[in-house]
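Trainee: The structure's right below; bear with me while I get my questions together.
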Amino acid sequence: MEISKDEMVSMSFQSIAERLGSDLKNGLASSEAQSRISRYGYNEIEGEKKNPLISLGKKFWNASAWILEFAAFLTFILGKLLDFYIIVALIVFNAILSFSQEMKANEALEALKNRLQVRARVLRSGEWSTIEARLLVPGDIIRVRAGDFVPADMKIIDGDVEIDQSALTGESLTVTRKKDDPAYSGSILKRGECSGIVVFTGKNTYFGKTAELVRIAHPRLRIEHVISRVVAWMILLVAILLAVAVASFILRHENVITLIPLMLVLVVGSIPIALPAMFSISLALGAEQLSRSEVLVTRLDSIEGAATMDVLASDKTGTITINKLSISEIVPFGCSENEAMLYGALASDSANQDPIDTAFLEETGKRGIDLSKFSITRFIPFDPATRRTEAEVSSENDEIAVAKGAVETIAQMCGKFDRTLLDEEIKKASVSGSRVIAVAARKRNGRWEMKGLIAMSDPPRSDSAQMISELKDLGVKVKMLTGDAVPVAHTIAETVGIGRNIISVRQLKENREGMADLAWSSDGFAEVYPEDKYLIVGALQKAGHIVGMTGDGVNDAPALRQADVGIAVSSATDVAKGAAGVVLVSPGLKNAVSLVRIGRQIYERVNTWTLSRLTRTFQNVVFVTIALLLTGLQVLSTFDMVLLLFLFDFVTLTLSTDNVVWPRKPARWNMFDLAEASSIIGTVMVIESFFALYFILRSGLAIAGIQTLVFDYLLYSNIFNLINIRERRNFWSSRPSSVMSAAITADIVISAVMSVTGIPGLHSAPFDYVVLTFLLALLFNLGINNFVKLLSLKYLRLSW
């Protein structure tokens, strides 16, 4: 029988369970849950889909497109219909290419998003398990804890919690919810944990939506800012050249109107029309590469941040260690080992799947300790603010309260206590890198008594030392963050090669003036609360570093957002994953190494594109302008320039697949060095272009044939220049990717055939002169300019 939304609020959870035919102790049978999916549907809401035609239309409405559309308009007015058609074709081709690649990138990101769906702990057929929240159905018994999204509208069965409903109601203050209160899908548990029975799912939830875990962000990248500056410089260069040409024509009393064709050539030659497609392809391929390495990207700027990251603040548990605690030693106080274990196990809850609770429960099982004689009447889950768990327990003979947690916390609860043995055991355990949990108990209305210390070990992952070493080799300093005491943290950090300089986070807080320097000089921080991570990240950023941060809890979210690269580990809560830009699918730091490596590959590809674009724009527009002023000839027509752009952009798009040699140190955008390098190489290329023009003019061809040979030389020069600057060593030190090599070969062959046979707008030229332009471009760019590049790097200490 159905339940109305009003009845959900007014009815008790027992009545709701009865109405929905659910067993509060065992949950739904798995077969019944499956059948209810066909009845109620999946627990999800399909988002609004964008109109692809509108997205395509926007590709024609941007600064680059406007300039080319203006150029097309001018050619139409001047009656140059062939130029008009080819410019329009270029605009349409790049718009469609950019649109299709953007669609592929969005599809890839949506696929990654689907891998990050909210998961829920559910009781079915008497066993707790974790499933995708979309598979929940009305009548399911679920468990949620601090940091989780409430995955469906539910009625609370037990537990006192604080819930953030701001995403649903706009109210920023948390609300308290207890047994028999409703909790709505999309809200977030900020404190405590509870069980509940699912009442409504999917589109039937009270607010009509299910919370979205991952919001794919498309921020403006720093790379785009760099390229925007590059484009501005190109436009400025064109404006200066046109001003010089106009001034020269006025002084020589020539008709300035005749400069319109030159203006078209310069404008078309300076527009990076393939930029959006190149970015989309690079980022989509990067996200796909990372997904194969078990790294899911939810914010595209995180790929760029990974390339420039020079410090990684990493959680110890689950990232550096295996996050599998086991009991290594029991030191009972006034009771037996089994009694101490019993008290600790009673203060644990299997539904939470907490590693400490799991370790206690597994150990009691190994020892044959029977927990069935005890009934837990009240359970207070672990809270970072209190650093302990508590439970009220009843049995046939007595009622007691039990607690387990941080030694200092439990010791304070027990009041006067001889700490000599306590301190000795803590010191002994710390030397071995073990974590010590204290256990206490009290009789009804009695005082707390210390019952024992339990040493637990979480050894480093087998690959942690190697991964940390690799990150160090890549120029990324790893800093360990842990809530453990300094001696424990020191042992683990030294074992995996992080370093010996581990300090308490208190020292950082007490040194406000030197906080940034202390944060950088330290190898790690102990006794860290989740809220301290935000402080550590900020201190490192204040020192001028690009910071990556791993986190897993709801209280890590501010630090994950603050970090340049927020990384949620595989065991992270839903909120942490939502705040991070990157989610690691598998535990450990292996994924972080892949993130850095692929991020730097993408950086290097864009860097190569930028330098290539600067040098070829400098060569093309400066050479064409000066050639007109010196010879009176327009050595390149508008059609030639458009065709040149079309063919060469076909090659530059394949840079997104290139086997680039990525930097071994954190990448840095250095626009001054990029500009200086492009000016030096571009100037040499302009001089070389005049040498080529000398041989071309000696051919005795008419202006149409001269334009064809100049077109050939500039295209081949641009291609060989790209081969040269893609490698910072000698150009033969590495090979382009097979895709890029195929595109280069196709470009050369197609252009040569068109030049020899001729096409509308491109006059035929002698085969031997076409070969001559090819050989000159080859000699100049892969011979002379290779050494110009090496000398620039060596003596001018340029870095691009």
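Trainee: Please go through the range 409-427 and give me each residue that is open to solvent by less than 30 Å² (accessible area, probe 1.4 Å) and more than 19 Å from residue 334 (Cβ to Cβ), ordered by number.
Mentor: Let us first name the residues in the range 409-427 that are open to solvent by less than 30 Å² (accessible area, probe 1.4 Å), namely 409-411, 414, 422.
Within the range 409-427, 409 is the sole residue that qualifies.
Trainee: OK, next. Exactly one of (1) touching a Gly at 6+ places or on another chain (Cβ under 9 Å); (2) open to solvent by less than 90 Å² (accessible area, probe 1.4 Å) is unmet by residue 25. Its number?
Mentor: The single condition residue 25 does not satisfy is (2).
Trainee: Which is open to solvent by 60 Å² or more (accessible area, probe 1.4 Å), touching a Gly at 6+ places or on another chain (Cβ under 8 Å) and in contact (Cβ under 8 Å) with a residue 12 or more places away in the chain, of 529, 534? Lay out the reasoning, then the answer.
Mentor: Details: 534 fails: touching a Gly at 6+ places or on another chain (Cβ under 8 Å).
Residue meeting the stated conditions: 529.
Trainee: Say we look at the range 732-746 and pick out the residues that are closer than 14 Å to residue 648 by Cβ and open to solvent by less than 20 Å² (accessible area, probe 1.4 Å); which of these is nearest to the chain's Cα centre (by Cα)?
Mentor: 740
Trainee: Going by what's in this entry, would residue 344 be described as out of contact with any Asp or Glu (no Cβ under 6 Å at 6 or more places or on another chain), surrounded by fewer than 16 Cβ atoms within 10 Å (Cβ to Cβ) and not aliphatic (A, V, I, L, M)?
Mentor: Working: out of contact with any Asp or Glu (no Cβ under 6 Å at 6 or more places or on another chain): yes; surrounded by fewer than 16 Cβ atoms within 10 Å (Cβ to Cβ): no; not aliphatic (A, V, I, L, M): yes.
No, not satisfied.
Trainee: Let me ask something else about it. Would you be able to say whether some residue in the range 341-364 is over 30 Å from residue 739 (Cβ atoms), modelled with pLDDT under 90 and part of a strand (DSSP E or B)?
Mentor: no
Trainee: Counting just the residues of the range 1-19 that are modelled with pLDDT of 90 or more and in contact with a strand residue (DSSP E or B) (Cβ under 7 Å, 6 or more places away or on another chain), which one comes out nearest to residue 125 (Cα to Cα)?
Mentor: Filtering first and then ranking leaves 17.
Trainee: Is it true that some residue in the range 315-326 is among the β-branched types (Val, Ile, Thr), assigned to a strand (DSSP E or B), at pLDDT below 90 and open to solvent by 10 Å² or more (accessible area, probe 1.4 Å)? Outline the logic, then answer.
Mentor: Taking the range 315-326 as the starting set, the residues that turn out to be among the β-branched types (Val, Ile, Thr) are 317, 319-322.
Checking the rest, the ones that are also assigned to a strand (DSSP E or B) come to 321.
From the residues that got through so far, the ones that are at pLDDT below 90 too are 321.
If we keep only those that are open to solvent by 10 Å² or more (accessible area, probe 1.4 Å) too, we end up with none.
Within the range 315-326, none of the residues are among the β-branched types (Val, Ile, Thr), assigned to a strand (DSSP E or B), at pLDDT below 90 and open to solvent by 10 Å² or more (accessible area, probe 1.4 Å).
Trainee: Name every residue in the range 366-384 that is under 25 Å from residue 317 (Cα atoms) and in contact with a helix residue (DSSP H, G or I) (Cβ under 9 Å, 6 or more places away or on another chain), in order of residue number.
Mentor: Within the range 366-384, 381, 382, 384 qualify.
Trainee: Checking the structure you have, find out if any residue of the range 433-440 is buried (at least 16 other Cβ atoms within 10 Å of the Cβ), in a helix (DSSP H, G or I) and touching a residue at least 24 places away in the same chain (Cβ under 8 Å).
Mentor: No, the range 433-440 contains no residue that is buried (at least 16 other Cβ atoms within 10 Å of the Cβ), in a helix (DSSP H, G or I) and touching a residue at least 24 places away in the same chain (Cβ under 8 Å).
Trainee: Only one of 625, 608 is over 30 Å from residue 147 (Cα atoms), buried (at least 22 other Cβ atoms within 10 Å of the Cβ) and not charged (D, E, K, R); which? Spell out how you get there, then give the answer.
Mentor: Numbers: 608 fails: buried (at least 22 other Cβ atoms within 10 Å of the Cβ).
Answer to the selection: 625.
Trainee: With the structure loaded, tell me whether residue 212 is modelled with pLDDT under 80, surrounded by fewer than 16 Cβ atoms within 10 Å (Cβ to Cβ), of a type outside the set (Ser, Thr, Tyr) and part of a loop (DSSP other than H, G, I, E, B) or whether it fails that test.
Mentor: no
Trainee: If you scan the range 72-86, which residues turn out to be of a type outside the set (D, E, K, R) and either modelled with pLDDT under 75 or open to solvent by 40 Å² or more (accessible area, probe 1.4 Å) (or both)?
Mentor: Here is the first cut: in the range 72-86, the ones of a type outside the set (D, E, K, R) are 72-79, 81-82, 84-86.
Those that are of a type outside the set (D, E, K, R) and either modelled with pLDDT under 75 or open to solvent by 40 Å² or more (accessible area, probe 1.4 Å) (or both): 73, 76, 77, 78, 79, 81, 82, 84, 85, 86.
Trainee: Next question. Looking only at strands (runs of 3 or more DSSP E) that lie completely in the range 504-589, which have at least 2 residues being at pLDDT 85 or above and within 21 Å of the chain's Cα centre (by Cα)? Step through it out loud before you land on a result.
Mentor: Working: elements: 524-526, 547-551, 565-568, 582-584.
Per the criteria, 547-551, 565-568, 582-584.
Trainee: Continuing with the same structure: Yes or no: the range 369-377 includes at least one residue that is assigned to a strand (DSSP E or B) and open to solvent by less than 40 Å² (accessible area, probe 1.4 Å).
Mentor: So in the range 369-377, the residues assigned to a strand (DSSP E or B) come out as 375-377.
Pick out the ones that are also open to solvent by less than 40 Å² (accessible area, probe 1.4 Å) and you get none.
For the range 369-377, residues assigned to a strand (DSSP E or B) and open to solvent by less than 40 Å² (accessible area, probe 1.4 Å): absent.
Trainee: Shifting gears a bit: Scan the range 680-694 for residues that are of a type in the set (A, V, I, L, M, F, W, C) and either within 23 Å of residue 792 (Cα to Cα) or at pLDDT below 95 (or both) and jot them down.
Mentor: If the condition is that a residue be of a type in the set (A, V, I, L, M, F, W, C) and either within 23 Å of residue 792 (Cα to Cα) or at pLDDT below 95 (or both), then 680, 681, 684, 685, 686, 687, 690, 691 are the ones that fit.
Trainee: Still on this structure, I have one more. Evaluate the range 713-728: report whether one residue or more is free of Cβ contacts under 8 Å to residues at least 12 places away in the same chain, out of contact with any strand residue (DSSP E or B) (no Cβ under 9 Å at 6 or more places or on another chain), open to solvent by 40 Å² or more (accessible area, probe 1.4 Å) and of a type in the set (Lys, Arg). Please lay out each step first, then the result.
Mentor: Looking only at the range 713-728, we keep the residues that are free of Cβ contacts under 8 Å to residues at least 12 places away in the same chain, and these are none.
No, the conditions are met nowhere in the range 713-728.
Trainee: Could you please find all residues in the range 759-779 being of a type in the set (Gly, Ala, Ser) and closer than 13 Å to residue 705 by Cα?
Mentor: Hits for the range 759-779 are 761, 764, 765.
Trainee: Quick one: in the range 262-289, of everything that is under 18 Å from residue 630 (Cα atoms) and buried (at least 20 other Cβ atoms within 10 Å of the Cβ), which residue is modelled with the highest pLDDT? Steps first, answer last, please.
Mentor: In the first step, residues of the range 262-289 are kept if they are under 18 Å from residue 630 (Cα atoms); the result is 262-263, 265-266.
Checking which are buried (at least 20 other Cβ atoms within 10 Å of the Cβ) leaves us with 262, 265-266.
Details: 262: 73, 265: 73, 266: 76.
Taking the candidates together, the pick is 266.
Trainee: Step by step: first the residues of the range 381-423, then only those that are of a type in the set (Lys, Arg) and under 21 Å from residue 354 (Cα atoms), then the one that is farthest from the chain's Cα centre (by Cα). Which residue is that? Write out each step before concluding.
Mentor: Initially, the range 381-423 is screened for residues of a type in the set (Lys, Arg), giving 387-388, 404, 416, 419.
This time we only want the ones that are under 21 Å from residue 354 (Cα atoms), so: 387-388, 404.
On the way: 387: 32, 388: 34, 404: 37 Å.
Among those residues, the one meeting the criterion is 404.
Trainee: Among 746, 742, 765, which is the only one that is under 19 Å from residue 695 (Cβ atoms) and of a type in the set (A, V, I, L, M)? Please lay out each step first, then the result.
Mentor: On the way: 746 fails: under 19 Å from residue 695 (Cβ atoms); 742 fails: under 19 Å from residue 695 (Cβ atoms).
765 is the lone residue from the list that is under 19 Å from residue 695 (Cβ atoms) and of a type in the set (A, V, I, L, M).
Trainee: Could you list, in sequence order, the residues of the range 381-408 that are outside any strand (DSSP E or B) and either open to solvent by 60 Å² or more (accessible area, probe 1.4 Å) or farther than 10 Å from residue 437 by Cα (or both)?
Mentor: Restricting attention to the range 381-408, the residues satisfying the condition of being outside any strand (DSSP E or B) are 381-387, 395-398, 407-408.
Within the range 381-408, 381, 382, 383, 384, 385, 386, 387, 395, 396, 397, 398, 408 qualify.
Trainee: Further question: Kindly state which strands (runs of 3 or more DSSP E) lie completely within the range 108-149 and contain at least 2 residues that are modelled with pLDDT of 80 or more and among the basic types (Lys, Arg). Steps first, answer last, please.
Mentor: Values: elements: 119-124, 127-132, 141-145.
It comes to 119-124, 141-145.
Trainee: Which residues, taken from the range 640-677, are part of a loop (DSSP other than H, G, I, E, B) and surrounded by fewer than 18 Cβ atoms within 10 Å (Cβ to Cβ)?
Mentor: Within the range 640-677, the subset part of a loop (DSSP other than H, G, I, E, B) is 658-670.
659, 661, 664, 665, 668, 670, listed by residue number.
Trainee: What residue, among those in the range 244-261 that are open to solvent by less than 60 Å² (accessible area, probe 1.4 Å) and not β-branched (Val, Ile, Thr), is nearest to residue 641 (Cα to Cα)?
Mentor: Taking the range 244-261 as the starting set, the residues that turn out to be open to solvent by less than 60 Å² (accessible area, probe 1.4 Å) are 245-249, 256, 259-261.
In the following step, the residues that additionally are not β-branched (Val, Ile, Thr) were identified as 245, 247-249, 259, 261.
Details: 245: 18, 247: 24, 248: 23, 249: 23, 259: 15, 261: 11 Å.
Among residues in the range 244-261 that are open to solvent by less than 60 Å² (accessible area, probe 1.4 Å) and not β-branched (Val, Ile, Thr), the one nearest to residue 641 (Cα to Cα) is 261.
Trainee: Kindly list, by first and then second residue, each pair from a residue in the range 452-464 that is assigned to a loop (DSSP other than H, G, I, E, B) to a residue that is surrounded by fewer than 20 Cβ atoms within 10 Å (Cβ to Cβ), limited to pairs with Cβ atoms under 7 Å and residues at least 6 apart or on different chains.
Mentor: 458/322; 458/323; 458/324; 459/322; 461/322; 463/590
The values are calculated or read from the model by the stated rules, or taken from the named source; none is laboratory data. Remember, predicted model here, so these are calculated numbers, not experimental data. Don't worry about glycine lacking a Cβ; one is built from the backbone with ideal geometry, like all the others, and counts go over all protein chains shown. Accessible surface is based on the protein model in full, side chains and every heavy atom, while ligands, DNA and RNA are left aside. Shrake-Rupley method; radii C 1.70, N 1.55, O 1.52, S 1.80 Å.
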